[in-house]
1. What's the long-distance tail for the stretch 111-200, i.e. % of Cα pairs beyond 15 Å?
2. Rg to Rh for the stretch 54-179: what is it, with Cα atoms only and Rh by Kirkwood?
3. Once each part is reduced to its C-alpha centroid, what is the distance from the stretch 150-190 to the stretch 92-123 in angstrom?
4. Would you compute, for the Cα atoms of the stretch 48-119, the largest minus smallest coordinate along each principal axis and list the three values in descending order, in whole Å?
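Quick note: the coordinates plus some simple rules give every number you see, no bench work behind them. Note that this is a predicted model, so its numbers are computed, not measured.
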Amino acid sequence: MASSSAAAHAAQVEKSTRMAAPIVPSAAGYRSATRPPRRRAPHAPQRRSAPAGESFVTHDGRSLRIRPILPHDAAALRRAFARLTPEQVRSRFFYRMNELEEAVAERLCNPDPETSAAFVVTDADDAEIRGEARIHIDAVTESAEFAIAVDPAFIGQGLGRALMQRLLSECRRRGLVELWGDVLADNHAMLEFVRHLGLTPVFERGDESSALRVRFAIPAV
């Protein structure tokens, strides 16, 4: 009985001690309870990276850039298309289009690097596209078909020549021997343009009687 009572008394003391023991917070909890909340440093403004590509100055002194087309150019490409005249659209696509659909724009901005390449001339801040040119490669004939369009407000400012030089350089890099394109016979501006590229184009009839095929031999480097 005595031993049983002593054991019961010891158990009661232990229980009281546990109940009275203070709760010690963890180190992390202690710091958070005693220190004022840490003020977060304000986010530094993100610097906009410089537009890609190379600087280009128009004949009248406007600063532009020329670079490969990028996937995020789709919206700007659609706006550029909307600025083309109906005649320019017909000359570029060989049929009339009211707008460049979003899916088409996205496809044009994601050329297959194995079979095509595309370049754009943009404003200095990279916001708007002022010219666009591309090639589609035929590996069998080691040649490439080109297409080009320039914002009507920038015609005669050297954009077309700069874009064509990029296309020719790309053809040389890929080891192609010829660059060609079909030009509508009544597209006198384009025909005059290809005559002044510093190359020797060969004009011949294309598949359609209303078009001329323009060929540029690409000399080996």
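1. Working: 2414 of 4005 pairs.
Taking all Cα-Cα pairs of the stretch 111-200, the fraction more than 15 Å apart is 60 percent.
2. Values: Rg = 14.1 Å, Rh = 14.8 Å.
A ratio of 0.95.
3. With the stretch 150-190 and the stretch 92-123 each reduced to a Cα centre, they are spaced 15 Å.
4. If we take the Cα atoms of the stretch 48-119, the spans are 35, 34, 24 Å.
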